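Here the structure comes first, spelled out in structure tokens, and everything after it is commentary.
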């Protein structure tokens, strides 16, 4: 019998066997799955809300940023990455079906907010390889219609229930790890209080939803000196090419300047929305580029869920597929900070917010309006220059009022993750 014709019979046999057998003594719990491994894994507890909060009316509630039900598993995953799993925890999961969480492991000490130590990397590589091997064996047995062990039956049932029977095949190639970002997001919330009112004011000037001010939580965790391997820097992660187009200055100082780069981000997002026609597409273009999302739209129309699931392009990888879901999760966590971080006190940080008058230092200018500005000849600031110093220099480093953007390049402010 051909192999393809055997799949329905094999899967039916598997499910009948699972149903006929007695229930396992320790069934697979709902995600996060920390007990599928034959090794013990620490139990996790979600942060409990200190009190119920009434969410203010916003663009999120008004539906400007839609959240299709099909994207909820992705949004829920990133919500846990930002608010539940810490930097000492690594989630082993399926890179297509984010509700398939195989195990949450704890890194060996010492743990820091940065790169893995060689020992931690070796530890994680071993765990990833173990899961790849387990999933390969499971798929091989299904293809050959061989008997499964009780543990394999439990694993197969878990995958089929959470993601459908098709997810049983190719699962070994989709194993991925994601480190928790709870501490980093919390720190970003503290830092963001200096900038959020100012950024909201800037986006209002451009007629854009002010919740776009949450985007640096995804881009840089509000780290002023954040840098990517692709050359993107600052809170808004501008590369030189995108900065020249949307800020009018590709210097390092302009890209690190939170005010100038916020205006650049507003101009980019306004242009992206006008060209793409929806916020899911426009926000995803911040990672994948306007041109890339135009190609996706040409193939799949305005169905964003279909684009996420079916658009096939070498650069439209895990980061691009999940970018909008990350943004929605960041908005949810940041707008309800007291719920997800009950012990977080932002009163001091709010008292040190930058004055809203700084938003007027760079007058809003529509893209594509006038000649290309001359490149700034100002020397770049030191790598660790503070945000306040950078903002204080804005007055003397503004582009001309006639400065503008000759052509909107078909690229994103930063194309750095796949």
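Quick notes on this structure:
- The criterion of being surrounded by 24 or more Cβ atoms within 10 Å (Cβ to Cβ) and more than 25 Å from residue 334 (Cβ to Cβ) holds for residue 245.
- Set 256, 208: member being farther than 23 Å from residue 321 by Cβ and modelled with pLDDT of 95 or more: 208
- When the range 154-164 is filtered for residues that are more than 14 Å from residue 136 (Cα to Cα) and surrounded by 18 or more Cβ atoms within 10 Å (Cβ to Cβ), the ones remaining, listed by number, are 154, 157, 158, 162, 163.
- Qualifying residue in the range 251-262 (condition: assigned to a loop (DSSP other than H, G, I, E, B), buried (at least 24 other Cβ atoms within 10 Å of the Cβ) and assigned by TED's automatic domain parsing to the domain that holds residue 330): yes
- Taking helices (runs of 4 or more DSSP H) as the structural unit, those lying wholly within the range 54-155 and holding at least 3 residues that are touching a helix residue (DSSP H, G or I) at 6+ places or on another chain (Cβ under 9 Å) correspond to 72-83, 118-144.
- Of the criteria (1) surrounded by fewer than 20 Cβ atoms within 10 Å (Cβ to Cβ); (2) over 30 Å from residue 130 (Cβ atoms), which one residue 176 fails: (2)
- Counting the residues of the range 273-323 that are in a loop (DSSP other than H, G, I, E, B) and either under 14 Å from the mean Cα position of the chain (by Cα) or more than 19 Å from residue 65 (Cα to Cα) (or both) gives 7.
The values are calculated or read from the model by the stated rules, or taken from the named source; none is laboratory data. All values derive from a computational prediction rather than experimental measurement. Cβ atoms come from the backbone with ideal geometry, glycine included; neighbour counts cover every protein chain shown.
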